[in-house]
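Participant: The structure's right below; bear with me while I get my questions together.
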Amino acid sequence: MVTYPLSIIYCGKCGLLPEYCEFSPKQYDLDECKKWLKLEHPLIFDKMYPAIAVVEGEEEKKDEPAKKKKKVVKI
């Protein structure tokens, strides 16, 4: 259900909707828009740019040196 008047959030840096900040003119940096959104509307920021969770198993695999398998030649 939609209630009126609508509450629309515009970016404080580029003036576009936060979903369209990446298409703003070259004079605006997307990182500045992200910083503004994170400060002013953290819930929207978390929804648009979710943190990437690191799986513990993958983290351990990256730290281990790569093991090479030896080829066994049968004669």
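Participant: Extending each Cα 7 Å along its Cβ direction at THR3 and VAL73, get the distance between those two points in nm, one decimal.
Facilitator: With each label placed 7 Å out from Cα toward Cβ, I get 7.8 nm.
Participant: With N denoting the number of residues in segment 11-53, provide Rg(C-alpha) divided by 2.2 N^0.38 Å, to two decimal places.
Facilitator: Numbers: Rg = 10.1 Å, N = 43, 2.2 N^0.38 = 9.2 Å.
Taking N as the residue count of segment 11-53, the ratio is 1.10.
Participant: Can you give me the distance in nm between label points at LYS35 and MET48, each placed 7 Å from the Cα along the Cα-to-Cβ direction?
Facilitator: About 1.6 nm separates the two model spin labels.
Participant: How much net charge surrounds ILE8 when only the other residues with a Cβ under 15 Å from the Cβ of ILE8 are counted, with Lys and Arg +1 and Asp and Glu -1?
Facilitator: Numbers: positive: none; negative: GLU19, GLU40.
Once all neighbours under 15 Å are counted, the net charge is -2.
Participant: May I pose another question? For SER24, what charge total do you get from the other residues with a beta carbon under 13 Å from its beta carbon, if Lys and Arg give +1 and Asp and Glu give -1?
Facilitator: Values: positive: LYS13, LYS26, LYS34; negative: GLU19, GLU22, ASP29, ASP31, GLU32.
Result for the neighbourhood of SER24: -2.
Only the coordinates and a few stated rules stand behind these numbers; no lab work does. Note that the structure is predicted; figures quoted are calculated from it, not measured. For neighbour counting, all protein chains shown are included, and Cβ atoms are generated from backbone atoms with ideal geometry for every residue, glycine included.
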